[in-house]
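The values are calculated or read from the model by the stated rules, or taken from the named source; none is laboratory data. Here the structure is a predicted model, which is why all the values come from computation and not from measurement. Note that each Cβ is placed from the backbone with ideal geometry, even for glycine, and that neighbours are counted across all protein chains shown.
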Amino acid sequence: MARATTDNTFLERASEMTIAWLSCPKTRTSIVAGLLLALALAPAAHAASHDRGRVAAAAPGPGQNKTGDAETQSAMAFLASVGRLDFTGAETLLAEDAVLELPYAGAGHVVSGRSQVLNFFRQTMTGKVRHIEYRLDQAYTGRTPGVIALEVSTTVQTVPDGTAVNRLVAIFRFRQGKITLFREYFNPAPVSGGDGARR
């Protein structure tokens, strides 16, 4: 019972001291100033925290750049093989379940399976295309491992002696170093003779 009385006396005394401290004009001014400063800095602190989180999320992990470089080299090697009609060389870079997508080719084409993809290239290029030069303009890696996007410029030498220039965006997906998806967004007009890109 004596302990409870002591605790109550202490709490009452502490309350009186707190009220007296808050009653001081200088104390009230300091508190208000502190609150205003905190409110003023809060948006900037939140934005900085958000930016730090965004940068951390976008920053590549250990080895990601090297992986992206290797995949870019493999993708360009694949395009170079296709461009010189070396379908055997292209085959070594494709996974068995590889998929080719050409969203801008008429109604759009989806070809599934390595053999079917290579047959598609053979049928559409042999006797029509002599060579395609692919030049890498820009490569992008994102948050999804094994996926890259390439901006590419091309010069197409057609049979018998035509030349067409084009630009495209290619999406590649890799699994264990092999291409599982090749999705190509290109302008079909120069290839089909639809505009002035042919020379």
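What to note about this one:
- Residue pairs meeting the criteria (Cβ under 7 Å; at least 6 apart or on separate chains; first of a type outside the set (A, V, I, L, M, F, W, C) and at pLDDT below 75, in segment 174-199; second loosely packed, with under 12 Cβ neighbours inside 10 Å and not in a helix (DSSP H, G or I)): none
- Number of residues in segment 54-107 that are at pLDDT below 95 and exposed (fewer than 11 other Cβ atoms within 10 Å of the Cβ) equals 12.
- Hits in segment 124-138 - residues which are outside any strand (DSSP E or B) and surrounded by fewer than 17 Cβ atoms within 10 Å (Cβ to Cβ): 124, 126, 127, 128
- Pairs with Cβ under 8 Å, 6+ apart, first in segment 81-93 and touching a residue at least 60 places away in the same chain (Cβ under 8 Å), second basic (Lys, Arg) and surrounded by 14 or more Cβ atoms within 10 Å (Cβ to Cβ): 93/178
- Given (1) free of Cβ contacts under 8 Å to residues at least 12 places away in the same chain; (2) within 15 Å of residue 183 (Cα to Cα), number of the condition residue 115 does not satisfy: (2)
- Residues being among the hydrophobic types (A, V, I, L, M, F, W, C) and not in a strand (DSSP E or B) - total across segment 154-169: 1
- Condition check for residue 110: buried (at least 18 other Cβ atoms within 10 Å of the Cβ) and either at pLDDT 95 or above or touching a strand residue (DSSP E or B) at 6+ places or on another chain (Cβ under 9 Å) (or both): no
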